[in-house]
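J.: Here it is: the structure, laid out below.
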Amino acid sequence: MTLRELLKNIDYKCVQGNIDCEVTDLIYDSRKVTDNTVFFCIDGFKTDGHAYANDAAAKGAAAIIASRDINVDGDITVIRVDNTRYALAIMSAVFFGNPGKEAVIIGITGTKGKTSTAFMIKDMLDKSGNKCGIIGTIGAFWDNTKIKTGLTTPESYVIHSLFRKMVDDGCKYIVMEVSSQALKLDRTAGIEFDYGIFTNFSPDHISDGEHASLEEYRECKELLFKQSKVGIFNTDDEVSDKFIRHATCEKIYTYSMKEEADFQAVNVKQWSDGGKLGIEYDVKGLFDGSIKLCIPGKFNVYNSIAALAVAYLAGVDMKIVSKELSNVRVLGRVELVHVSDEFSVIVDYAHNEVSTRSVMETLREYKPNRIICIYGGGGNRARIRRYDMGEVTGEMADLSILTCDNPRDEKISDINNDIKAGLAKHNGQYVEIEDRTDAIEYAIRNAVKGDIILLLGKGHEDYQEIKGVKYHYDEREAIREAAKRVFGN
């Protein structure tokens with residue numbers, strides 16, 4: 001592809017060189033520049049790509065895309081644009097043949113619920129015969145392919161490369177979590193979302209490296225609905241009216257548990273049976289029916305009804321929707337791992353005070369005999385988080401089993417001592433078992449009818465990081481191994 005072709009959808013000025021040069025790839029990390037690539041000078045939080053322009057030229061780059069004047073050696077082509085991140089997004093779409101136009105693209109934004117909602121949508125679409133890819137916190141998935149992405153919403157080049165792979169493998173739909181940072185940094189610039197979903201909004205990501213204020217955080221999330229044909233909004237959230245007011249969608253639909261909406265959940269009830277926990281409700285509005293989830297928590301009513309709305313609007317058979325929502329599992333999000341009819345074992349990614357309190361409040365609503373928490377703390381991370389985890393579990397759990405999470409370069413015992421300081425505030429009961437599988441075995445061996453064993457912190461992760469080495473560790477595998485030790489099957 002020529003540089004001229006890549007530039008066709010953006011405003012630019014050719015400062016020097018020839019835009020008819022051949023281009024083999026788009027690069028935004030100067031260390032990866034090779035012959036005939038285009039290097040984008042991205043302003044990062046720690047480094048400025050403009051400082052590496054000469055390095056890129058020396059490595060054989062065909063062209064450099066910059067947002068301010070640069071001095072480079074030789075006769076390399078230099079293109080000036082207003083925003084290099086935006087240019088990277090638009091040019092990446094062209095480079096990969098605009099794959100986003102070959103599938104139905106579904107974007108989800110909100111402080112919570114993005115991952116669960118995305119997986120619910122994917123399951124329903126897949127089971128209806130409409131192959132669906134997913135890009136989000138846990139990575140990129142489709143068919144039997146899994147690719148780690150590192151970010152909730154990856155860089156624009158990665159997004160379009162994944163779009164191309166998914167479309168080429170037959171994906172008709174792609175659902176992606178769209179973070180406020182991605183919208184702020186133009187990672188999703190130029191993508192036309194067929195559906196945009198707003199889950200909820202609460203204070204988060206306010207820091208020097210993220211958003212300057214709560215208002216900026218909200219305004220960035222609102223950007224999704226300036227790129228979406230159809231907007232789907234949770235009107236129970238107090239700021240939903242601002243999102244709707246600022247949206248430019250062709251059509252808008254609403255969902256709610258509290259008021260009339262296009263998709264309203266009513267008669268919400270919790271249920272438990274044979275070690276399983278869930279929630280059920282009726283739907284009224286554009287669709288009338290009943291839904292039963294094998295996932296606990298009223299927040300999953302919101303996640304599932306948002307997913308249901310997409311499926312309905314996309315024309316999926318609602319019998320398939322009802323069936324698949326009853327079977328859906330979300331990796332590491334209040335995920336039930338069934339080992340006994342007497343008690344429940346649940347895996348959750350919660351690893352700070354707010355998320356831990358939320359999941360424990362949810363489980364307390366099921367009136368368990370006891371909640372037994374198994375968790376540790378991340379090494380080389382803020383110590384206050386460990387204290388906070390200890391404080392909330394000391395207050396809300398009947399027993400804490402302190403164990404290994406990702407200790408990194410710290411001693412597990414030192415991390416657990418910080419947790420114990422928090423536990424002490426509420427005289428929280430605890431035991432210490434450093435090996436995590438041994439800790440799970442202890443909990444299962446001592447569980448009685450009606451207990452909930454809650455494993456916190458690892459969630460979807462498949463490793464433990466110890467002394468600079470990542471060892472394979474999957475919470476579900478560890479639970480099954482521990483159960484085999486106890487029950488012998």
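The values are calculated or read from the model by the stated rules, or taken from the named source; none is laboratory data. Because the structure is predicted, anything quoted here is derived from the model rather than measured. Cβ sites come from the backbone with ideal geometry, for glycine too, and all protein chains shown count toward neighbours. SASA here: full protein model, heavy atoms, side chains in, ligands and nucleic acids out. Shrake-Rupley method; radii C 1.70, N 1.55, O 1.52, S 1.80 Å.
J.: Along Cα→Cβ, 7 Å out, is where each label goes; now give me the distance between the ones at Asn144 and Arg381 in nm to one decimal.
T.: If labels sit at Asn144 and Arg381, their model points lie 3.3 nm apart.
J.: So if R0 is 56 Å, what FRET efficiency would Asp398 and Arg31 give, r being the distance between their Cβ atoms, rounded to the nearest 0.05?
T.: Result of the calculation: an efficiency of 0.65.
J.: Specify, per residue and in Å³, the volume enclosed by the convex hull of the alpha carbon atoms belonging to the chain.
T.: Cα-based convex hull of the chain, divided per residue, equals 155 Å³.
J.: Another question, if that's okay. Roughly to the nearest percent, how much of the accessible area of the stretch 90-210 is carbon and sulfur, given a 1.4 Å probe?
T.: Percent of accessible area from carbon and sulfur atoms in the stretch 90-210: 47.
J.: A further question follows. Taking amide H positions as placed 1.01 Å from N in the peptide plane, with prolines and chain starts having none, which residues 5 or more places from Thr77, or on another chain, fall under 5 Å of its amide H?
T.: So Thr77 has HN proximity to Asn18, Ile64.
J.: Same structure again: Based on the inverse mean of 1/r over its pairs of different Cα atoms, what is the Kirkwood hydrodynamic radius of the stretch 164-286, in Å?
T.: One decimal place: 16.6 Å for the Kirkwood radius.
J.: DSSP loop (so not H, G, I, E, B), at most 12 other Cβ within 10 Å: list which chymotrypsin sites (Phe, Trp or Tyr not before Pro) in the stretch 63-115 pass both filters.
T.: The qualifying sites: there are none.
J.: So, one more: So if each residue of separation counts as 0.36 nm, and I subtract the Cα-Cα distance between Lys276 and His426, what length gain in nm does that give?
T.: Extending this stretch completely gives an extra 51.1 nm.
J.: Continuing with the same structure: Would you mind computing the Rg to Rh ratio of the stretch 310-407 from its alpha-carbon coordinates, Kirkwood style for Rh?
T.: 1.08
J.: Mind checking which lysines have their Cα closer than 16 Å to the Cα of Lys470? Skip sequence neighbours fewer than 8 apart in that chain.
T.: Counting by Cα, and skipping residues close in sequence, Lys470 has these lysines nearby: Lys148, Lys411, Lys458.
J.: At 7 Å along Cα-to-Cβ for each site, give me the label-to-label distance between Arg408 and Glu481 in nm.
T.: That separation, rounded to one decimal, is 2.4 nm.
J.: May I ask you to rank Phe119, Phe487, Phe198 by accessible area, largest first, using a 1.4 Å probe over the protein chains only?
T.: The most accessible residue leads, giving Phe487, Phe119, Phe198.
J.: Still on this structure: Against the empirical 2.2 N^0.38 Å scaling, what ratio does the C-alpha Rg of the stretch 71-175 come to?
T.: 1.25
J.: If you don't mind, another one. What accessible area per residue comes out for the chain, rounded to a whole number of Å², with a 1.4 Å probe?
T.: With all protein chains present, the chain gives 43 Å² per residue.
J.: Let me ask you something else. With both bridge residues required to lie in the stretch 345-473, what share of the DSSP beta bridges run antiparallel, to the nearest 5%?
T.: 20
J.: By how many nm would the segment from Thr248 to Asn54 lengthen if fully extended, with 0.36 nm per residue of separation less the alpha-carbon distance?
T.: 65.6 nm
J.: Quick check: pseudo-label points 7 Å beyond the Cα along Cα→Cβ at Lys319 and Asp236, how many nm apart are they?
T.: About 3.0 nm, to one decimal.
J.: I need the peptides 171-179, 71-79, 155-163 ranked by packing, meaning the mean over residues of other C-beta atoms within 10 angstrom, with the highest value on top.
T.: So the order, starting with the most tightly packed, is 171-179, 155-163, 71-79.
J.: Starting from 0.36 nm per residue, how many nanometres of slack lie between Asp474 and Glu434 once their C-alpha separation is accounted for?
T.: 12.8 nm
J.: Looking at the stretch 427-479, which chymotrypsin sites (Phe, Trp or Tyr not before Pro) are DSSP coil and have at most 13 other C-beta atoms within 10 Å of their C-beta?
T.: When the chymotrypsin sites (Phe, Trp or Tyr not before Pro) of the stretch 427-479 are filtered for loop state and at most 13 Cβ neighbours within 10 Å, nothing remains.
J.: Let me ask something additional. Starting from the exponent 0.38 and prefactor 2.2 Å, build the expected Rg for the stretch 393-489 from its residue count and divide its actual Cα Rg by it.
T.: 1.11
J.: Ok, one more. Aspartates and glutamates within cross-link reach of Lys122: Cα-Cα under 13 Å, excluding same-chain residues under 8 positions apart?
T.: Asp143, Glu177, Glu324
J.: If the stretch 1-102 were replaced by its equivalent ellipsoid, with semi-axes equal to the square roots of 5 times the Cα gyration tensor eigenvalues, what would those be, largest first, whole Å?
T.: 19, 15, 13
J.: Short version: what are the Cα gyration tensor semi-axes of the stretch 225-384, square root of 5 times each eigenvalue, largest first, in whole Å?
T.: 31, 22, 14
J.: Continuing with this model, one more query. Give me the percent relative contact order of the stretch 417-489, please, defined on Cα pairs under 8 angstrom at least 6 residues apart.
T.: 31
J.: Give the dimensionless ratio obtained when the Cα radius of gyration of the stretch 118-169 is divided by 2.2 N^0.38 Å.
T.: Cα-based Rg divided by the globular estimate yields 1.08.
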